[in-house]
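Notes for the one structure printed next.
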Amino acid sequence: MANHKSALKRIRSNNIRRLRNRYQAITMRNALKKFRAITDKKEAAEKLPKIFALIDKLAKTSVIHKNKAGNLKSKIAKQTNSL
């Protein structure tokens, strides 16, 4: 167990950040599932920038790796173009 005040605070803040990161990652995964289910090209083209922004935001805050973000964006763009 932690012996210092700062260590106790670090444990609390790490837990808060971990929960926030998990929530954001799950939100992104759910958004991707919904996006992949879209069959209309026009609708997909409208939602594409929002999904890209969500992925970029998570990569910027290191919730996901920047290369994973690039891979996800590439796959989504391919899917949209193939509709």
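Taken together, the values in this text are just the output of simple stated rules run on the coordinates, not laboratory data. Treat the numbers as computed from the prediction; the structure is a model and nothing was measured. Backbone-built Cβ (ideal geometry, glycine too); neighbour counts: all protein chains shown.
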Euclidean distance of C-alpha centroids, region 58-79 and region 1-18, integer Å
30
Helix-only CD estimate at 222 nm, as mean residue ellipticity for the chain, using -39500 (n - 2.57) per DSSP H run (n ≥ 4):
-29000 deg cm²/dmol
With each pseudo-label sitting 7 Å past Cα toward Cβ, what's the S13-K66 distance in nm, one decimal?
2.4
Using only Cα positions of the chain, each an equal point scatterer, no hydration layer, compute I(q)/I(0) via Debye at q = 0.20, 0.21, 0.27 Å⁻¹ and quote the log10 values to two decimals.
-0.87, -0.93, -1.26
For the chain, the dipole about the Cα centre with charges only on Cβ (Lys and Arg +1, Asp and Glu -1), to the nearest 20 debye, works out at 420
Give the lysines whose C-alpha is closer than 26 Å to that of K33, dropping any in the same chain fewer than 8 places away, or say none.
K41, K42, K47, K50, K57, K60, K66, K68, K73, K75, K78
